[in-house]
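Below is one structure, written out as structure tokens; the observations come after it.
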Amino acid sequence: MSISPFVPGQFSASQATERLTQLRAQLNGLQRQLGSGKKAETFAGLGAQRYLSLDARAKLAATESYKSIVNDATLRINLQTKSLEGVVRQAHAANSSLAPNSWLAANDGQTIGQKSVRGGLDEVIDLLNVDVAGRYLFSGRASDVKPVLDSRTIIEGDGAGRAGVKQLITERRLADLGAGDLGRLNLTVAAATIGLAEDGNPDFGFRLQGLTSSLSNTVATPPAGAPAALAVTFAGAPNDGETLTLTLRLPDGSDEQIMLTARTDPAAASQPGSFLIGATPAATAASFSAALQTSLQRASRTSLQAASAVLAARDFFAGSLNAPPRRVAGPPFATAAGFAAGTAANTVIWYRGDDDFPVNPTSAGARASQPARIDANLTIGTGAQANEAGLRDTLAAFAVAAAETFPAADVNARERYEALTLRIRRAISAPPGGQKPEDIAGEIALAGSAARYALARHRQRESFFLSVISAVEDVNNEEVAANLLSLQTRLEASYQTTAIIGRLTLTSYLR
Amino acid sequence: MGLTSALNAAVSGLNNSQAQIDLISQNVSNAGSAGYTRRTLTPLQSVVANRTSGVLSGTIERVYDRLVQRQLRTETAGAAYTGVHTRFTAQLDRLYGTPGSASALDSIFNSFTQSLQTLAAQPSSATARVQSVQAAQLLAGTINGISNDVQALRADAERAIGSAVQRANQALASIEQINSRLTNDVSARQNAALLDERDRAINDLARIADIKVVDQANGGVNIFTTSGFQLFDGVGGTRLQFDVHDALTPQSLYNTNPALRGVGTLSIVTPAGATIDVVAQGVFRSGEIQGLLEMRDKALVEAQVQLDELAAGLARALSDRNPPAAAATAGAAQGFDIDLAGIQAGNSVTIDYFEQPGNVARRATIIRVDDPASLPLPLTATADPNDLVIGVSFAGGVAGAVAAIQAGLTAGGTGLTVANPAGTMLRVLDDGAAATRDIGGVSAGITNTALTGQGVELPFFVDRGLGNAAYTGSFDGSQQQRGFAQRISLNAALAADPSRLIVFSTTPLTPAGDTARPLQLIDRLTQVNRDFSPEAGIGGSGLPHTGTVSGFVRRILDTQGGKAVQAQRIDEGQQVVVNALSERFADVSGVKIDSELADLVQVQNAYAANARVIGTVKDLIDVLLRL
């Protein structure tokens, strides 16, 4: 507000009154400015720069939003990072709990290591179920849903017809081991010829991978055809100590070798992996066949069963609401020819959150499931899903350790345990999905640092916009006070002058 | 020469003094009266047979400056005009709230976008959802409120015109009356009181309308408007006439066709009974009435259009989906296919093409208009004043509309071809081998009418006047946009179920933490540019204002604030002129008590002296009689 000039001139009462009123109005205006600190109470009063202030206010509002979004995202990121750190810690702990020399059978069929991994599983689930004010951080877009069920339901099933990990492991074991625990291989003996053939199913049991033989007088036909079959024909007697090595591929891709050594000494031949050289090729074949069967059964009941359990658990954990886990088609499972899609009605769906990733191939990924727009053109992904490969593999490894039992009566228990823990530790340290919980934490930390930079930028901007608004809208107190003072002086002088001029009339002097 | 003549002279002197005192008392007592001009009495010597026989009182004369009076009248009209502008624009400016306060329109809009930002950050939070709904309700309510206030201001202007017309007619009646006395009675012509009264009535009229006064030889006046219409012909009978419409709505507008007019009609009725439409003929150029008319028919209408544009932009920014256009070819002709499924009345398809050679950019807009009575569409149907606008009925689907679209495109000389290859698909092709046309792009804005199942856009705001139906910008029947600012309201279904702020699909169900919808809403308000009609008076004249909805809010406040300041500045300047003129006029015509009293002293002395003369004559006669 400026002060209009006062031009002393012709005095007229009405003009003087008007001027006084104007001065008084200006005085009131200045008083209001001093009181409110604002230049004006209307947009018109802000002057030509009002657009600056309007614009700055809009940007300030946006900046404030961005700041609160950054704060919110930072909180989420911090909690997610804490959770993921916890998961990593648990994975390390499991790794040492299931160390190769940790076999120590207990009455209930589970080792101390397994029990501690079961505790770890509970903790991991708890970590993944973390929430901020009711918003779950590992559910992807379904932030209102607690992502992971409790470990008991996951392992045992819900008791209402939905299968847990245990049942899937059992079914898969039946399918992998097949009738007679031969790993779905058919062993035949015809005179001096032993035949071993896959049963034609594509998914379960052993795959015949290779056959090497140093047996004399023996024709060893390596696996060929589909389904693959091999044959060993004894034309005469092999020599003592000669061996035949059969390479079997397990469903998890690892190879298992069965070596059979020809022995003339019946005592030596009774050792596992040996067969007695008989009087006739047929007798040798019979002995060979019996030894092969024993070895196959042993491999089935140890490595194959361990691999089968790990795969079953991995299948279980690959399931989500819109893509229930695949299950072995059956029953009967022992002759299953493949997988059948599970349903949410017959299988526990352990992950209850958003599964757009990975079900939808066009999904932008778990991180993008909770985007936080922290600046006009900067969006960080703060989403995470408990069913991401890194977390899912860890959970599967934990669950299989917690689900499996090793009864004292099982002669293969220790060997199976070792085969299993080897696979579990491998899954933890080099997960099959290629992603580790650390990788997720790393991605989220990147988002976090972007958020920190954005926050610093927003703080600077905020103070800049405030200064712009202040320059347009706020009054300078010194200026107002000075104006007020000069106006007061003029008003007082005007009152005085008006009073004097008012008295200066002839009327007063006529008697 | 003799005592008698001395006595007579003295008596005439006494009479003169008395007349002077009488006049001084009149001047003093009327010192503050409106329209009173100072009067003077110049005594004349009375000459009888070549000899001075005494003094005559002379005639009473009004002291005034005719030129200043004329200027003052002109400027008074101007001041009344600018005064009206200032008063109304300041009130209008105040409607948008105090800058920076929570109640300012821009603050309320900003809090709405802020609430959406929060919602995007915390989509599953019930609090964030409810806050967005409340912020939207407040925004809609504020726009309704401002729009209602704008119409209330228009109604104020309408009533003020009514009252000004009444005053003008009173002034005309009194001018008529006084004028007839002045012209009929020669002796009355010098009657200062009557002349003052007539001037006062003319001044009253000059405040209401811009007039010029022509003095007549017979002492009468003729009054014309500056545009040349006669308001007073020296006899009278001309009157202003105005039918006040009490309640004004955004739809009640001035129209040259009286049947379509929604506001009061101001007319001049001549004694012969002819009626002149003041607005249509542009009778007034200044003065109070012209100021009020401009407020009622221009400034406030423009403010309403701004709010309507804002409301429409707000609703459609959030509700319109833009189906993708896929490239299509047919032989040598190239163009695009666009799916128009669900096109609503008022929705449009925009074809941008180039004329070759020269690459001249052209635009054709096809708008769904099912009611043939609403055709042809006005040029203002789209924000772009230079595009070809084709209103077409889609009542028979795209297949039924293709012929009409083709006819429109052909009539408009676009050289484009349209077809309906399948279903709701519209194919637009250029002229192929002739290569005189190239299509740059085809786009459509199709209003979603349901909260779910149509994509992330949703009818966030609806038209309360149409039973809470989605706002589609329909032209069927009446223009839906006009007055939409008064009717815009939050979709009640959304208020009832705020989860729909997130959930845009029920199968598959959108997860509660999905951010697609809120992020899209924010982008549409703060990032995506729209065209706003030049009718809103924002941006260059004749050019649409292109900007975000959020930016448009600020431009409204800026523009209205600027107008208020401008009006105030002009008014201040005008007041200075009027003050200076009235000061000059008062200087000449005003009563100065001091000079009157000084005169009084003189007159008193003269009276005493005359009395003394009479006394002396009496003494002399006494001496004579005692002889």
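Given the condition in a strand (DSSP E or B) and free of Cβ contacts under 8 Å to residues at least 40 places away in the same chain, answer yes or no: does some residue in the range B:26-42 qualify? Yes, that holds for at least one residue. Here the condition is being surrounded by 14 or more Cβ atoms within 10 Å (Cβ to Cβ) and modelled with pLDDT of 90 or more; of A:498, A:421, it holds for A:421 alone.
Determine, yes or no, whether residue B:197 is open to solvent by 50 Å² or more (accessible area, probe 1.4 Å), more than 18 Å from residue B:295 (Cβ to Cβ) and either basic (Lys, Arg) or in a helix (DSSP H, G or I) (or both). Judged against the criteria, residue B:197 is a match.
Considering the conditions (1) farther than 30 Å from residue A:88 by Cβ; (2) within 14 Å of another protein chain (Cβ to nearest Cβ); (3) touching a residue at least 60 places away in the same chain (Cβ under 8 Å), residue A:408 is excluded by exactly one of them, (2).
Residue A:57 meets the stated requirement of being farther than 26 Å from residue B:124 by Cα and of a type in the set (Lys, Arg). Exactly one residue among B:127, B:113 is open to solvent by 40 Å² or more (accessible area, probe 1.4 Å), within 30 Å of residue A:67 (Cα to Cα), part of a helix (DSSP H, G or I) and within 14 Å of another protein chain (Cβ to nearest Cβ), and that residue is B:127.
Put simply, of B:455, B:440, B:477, B:415 the only residue that is under 21 Å from residue B:133 (Cβ atoms) and either in a strand (DSSP E or B) or open to solvent by 20 Å² or more (accessible area, probe 1.4 Å) (or both) is B:455.
Within the range A:134-150, being farther than 13 Å from residue A:387 by Cα, more than 7 Å from chain B (Cβ to nearest Cβ) and open to solvent by 50 Å² or more (accessible area, probe 1.4 Å) holds for one residue alone: A:150.
In the list A:23, A:84, which residue meets the criterion of being crowded, with 17+ Cβ neighbours inside 10 Å, at pLDDT 90 or above and more than 11 Å from chain B (Cβ to nearest Cβ)? Of A:23, A:84, the one residue that is crowded, with 17+ Cβ neighbours inside 10 Å, at pLDDT 90 or above and more than 11 Å from chain B (Cβ to nearest Cβ) is A:84. When residue B:57 is tested against the conditions (1) out of contact with any Ser or Thr (no Cβ under 8 Å at 6 or more places or on another chain); (2) at pLDDT 85 or above; (3) buried (at least 17 other Cβ atoms within 10 Å of the Cβ), the lone failure is (2). The single condition among (1) at pLDDT 85 or above; (2) in a strand (DSSP E or B); (3) among the small types (Gly, Ala, Ser) that residue B:17 does not satisfy is (2). In the range B:306-328, the residues that are under 19 Å from residue B:141 (Cβ atoms) reach residues that are of a type in the set (Lys, Arg) and not in a helix (DSSP H, G or I) with C-beta atoms within less than 8 angstrom, at least six apart or across chains, in these pairs: B:308/B:482; B:313/B:530; B:317/B:530.
Residues of the range B:533-550 that are assigned to a helix (DSSP H, G or I) and surrounded by fewer than 19 Cβ atoms within 10 Å (Cβ to Cβ): B:535 alone. So for the range A:439-448 (the condition being open to solvent by 80 Å² or more (accessible area, probe 1.4 Å), of a type in the set (Asp, Glu) and in contact (Cβ under 8 Å) with a residue 12 or more places away in the chain), does at least one residue qualify? Yes, the conditions are met somewhere in the range A:439-448. Of B:149, B:204, which residue is touching a helix residue (DSSP H, G or I) at 6+ places or on another chain (Cβ under 8 Å), among the charged types (D, E, K, R), open to solvent by 50 Å² or more (accessible area, probe 1.4 Å) and closer than 30 Å to residue B:309 by Cα? The unique qualifying residue is B:149. Screening the range B:152-162 for residues that are of a type outside the set (A, V, I, L, M) and open to solvent by less than 50 Å² (accessible area, probe 1.4 Å) and picking the one that is farthest from residue B:85 (Cα to Cα) gives B:162. Pairs meeting the criteria (first residue in the range A:87-114 and aromatic (Phe, Trp, Tyr), second residue outside any loop (DSSP other than H, G, I, E, B), beta carbons under 9 Å, at least 6 apart or on different chains) are A:103/A:113; A:103/A:413; A:103/A:414; A:103/A:417; A:103/A:418; A:103/A:421.
The residue pairs whose first member lies in the range A:21-40 and is under 13 Å from residue A:479 (Cα atoms), whose second member is open to solvent by less than 60 Å² (accessible area, probe 1.4 Å) and among the small types (Gly, Ala, Ser), and whose beta carbons are closer than 8 Å, counting only pairs six or more residues apart or on different chains, are A:34/A:481; A:38/B:100; A:39/A:45; A:39/A:47. Listed by first and then second residue, the pairs linking a residue in the range B:494-518 that is more than 10 Å from every other protein chain (Cβ to nearest Cβ) to a residue that is among the aromatic types (Phe, Trp, Tyr) and open to solvent by 40 Å² or more (accessible area, probe 1.4 Å), with Cβ atoms under 6 Å apart and 6 or more places separating them unless they lie on different chains, are B:517/B:504. Of all residues in the range B:550-560, those satisfying the criterion of being closer than 20 Å to residue B:535 by Cβ and facing another protein chain (nearest Cβ under 9 Å) are B:551, B:553, B:554, B:555, B:557, B:558, B:560. Kindly provide the set of residues from the range B:500-519 that are open to solvent by 50 Å² or more (accessible area, probe 1.4 Å), outside any loop (DSSP other than H, G, I, E, B) and out of contact with any Gly (no Cβ under 8 Å at 6 or more places or on another chain), ordered by number. Hits for the range B:500-519 are B:500, B:509. Residues that are under 30 Å from residue A:397 (Cα atoms) and within 14 Å of chain B (Cβ to nearest Cβ) are absent from the range A:452-471 altogether.
Of everything listed in (1) within 14 Å of chain A (Cβ to nearest Cβ); (2) not in a helix (DSSP H, G or I); (3) not charged (D, E, K, R), the single unmet condition for residue B:58 is (1).
Among the residues making up the range A:30-52, those that are part of a loop (DSSP other than H, G, I, E, B) and within 8 Å of chain B (Cβ to nearest Cβ) are A:40, A:41, A:42, A:43, A:47, A:48. Against the test of being within 28 Å of the chain's Cα centre (by Cα), more than 9 Å from chain A (Cβ to nearest Cβ) and not in a helix (DSSP H, G or I), the options B:103, B:163 yield a single qualifying residue, B:103. Counting only helices (runs of 4 or more DSSP H) wholly contained in the range A:252-317, the ones carrying 2 or more residues that are touching a residue at least 40 places away in the same chain (Cβ under 8 Å) occupy A:281-299, A:305-317. In the set (1) touching a residue at least 24 places away in the same chain (Cβ under 8 Å); (2) within 12 Å of chain A (Cβ to nearest Cβ); (3) open to solvent by less than 70 Å² (accessible area, probe 1.4 Å); (4) under 24 Å from residue B:33 (Cβ atoms), residue B:595 fails one condition alone, (1). When residue B:122 is tested against (1) modelled with pLDDT of 90 or more; (2) within 14 Å of chain A (Cβ to nearest Cβ); (3) open to solvent by 30 Å² or more (accessible area, probe 1.4 Å), just one condition goes unmet, and that condition is (1).
The values are calculated or read from the model by the stated rules, or taken from the named source; none is laboratory data. These figures come from a predicted structure and were not determined experimentally. Positions of Cβ are generated from backbone atoms using ideal geometry, with glycine treated the same way; all protein chains shown enter the neighbour counts. Heads up: the accessible areas ignore ligands, DNA and RNA and are worked out on the full protein's heavy atoms, side chains in. Shrake-Rupley method; radii C 1.70, N 1.55, O 1.52, S 1.80 Å.
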